[in-house]
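Since the structure comes first, as structure tokens, the remarks are kept for the end.
The values are calculated or read from the model by the stated rules, or taken from the named source; none is laboratory data. Treat the numbers as computed from the prediction; the structure is a model and nothing was measured. Backbone-built Cβ (ideal geometry, glycine too); neighbour counts: all protein chains shown. Ligands, DNA and RNA are stripped out before the accessible areas are found, and what is left, the full protein with its side chains, is counted by its heavy atoms. Shrake-Rupley method; radii C 1.70, N 1.55, O 1.52, S 1.80 Å.
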Amino acid sequence: MTERKPRAMSWTSWIDQQIEEAKERGSFDNLPGAGKPLPDRGDEDFGQSWLRQWVQREGVSIDEMLPPPLKLRKQRELLAQRVPGMRSEQDVRGAVAALNQQIMDWRRIPVGPPIFVPLVNEDEMVGRWRDAHPATPPASGPTEETSPAETGRPARRPWWRRRLRGR
């Protein structure tokens, strides 16, 4: 479409003229899907089918399309599932604090549907983590009552004896 529509010509006839010229040039030859019918997806909601196709084609997660309060609720559920696999209590507290900060930021300027998103209870999440990671008893190392022969290590001299030996 390099030329402008002449003033004396109607839109319909000008568009038809452009199509005819393109056919004569062969612009419509060898197009992908030429001679094949358009795919009938059978969707009742045909108006939104383009969105589903775009999501599949681009590999976008459906979670990215949720409104902010629903996305925060989903993150809240995912955090509860991830807590037992976290390395330390500090990691749990950090993740809970980060999510609670996101929730508080959303509460200040709510965008999307008015859905209440409760804060994550930090103590509850730490309790879940502790249930998944029971405290290990202290390693049974040598005690005062065990002799050096039992532990397999030589006895350690007091510091003043070690110091005198080096002279």
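Worth a mention:
- Positions within the stretch 84-112 being open to solvent by less than 70 Å² (accessible area, probe 1.4 Å) and under 20 Å from Leu70 (Cβ atoms), in sequence order: Ala95, Val96, Ala98, Leu99, Asn100, Ile103, Met104, Trp106, Gly112
- The residue of the stretch 74-83 that is nearest to Ser61 (Cα to Cα), among those that are open to solvent by 70 Å² or more (accessible area, probe 1.4 Å) and touching a residue at least 12 places away in the same chain (Cβ under 8 Å), is Arg76.
- All of Glu64, Glu58 fail the test of being open to solvent by 60 Å² or more (accessible area, probe 1.4 Å), modelled with pLDDT of 80 or more and touching a helix residue (DSSP H, G or I) at 6+ places or on another chain (Cβ under 9 Å), apart from Glu64.
- The residues of the stretch 113-131 that are surrounded by fewer than 16 Cβ atoms within 10 Å (Cβ to Cβ) and not in a helix (DSSP H, G or I), listed by number, are Pro113, Pro114, Ile115, Phe116, Pro118, Leu119, Asn121.
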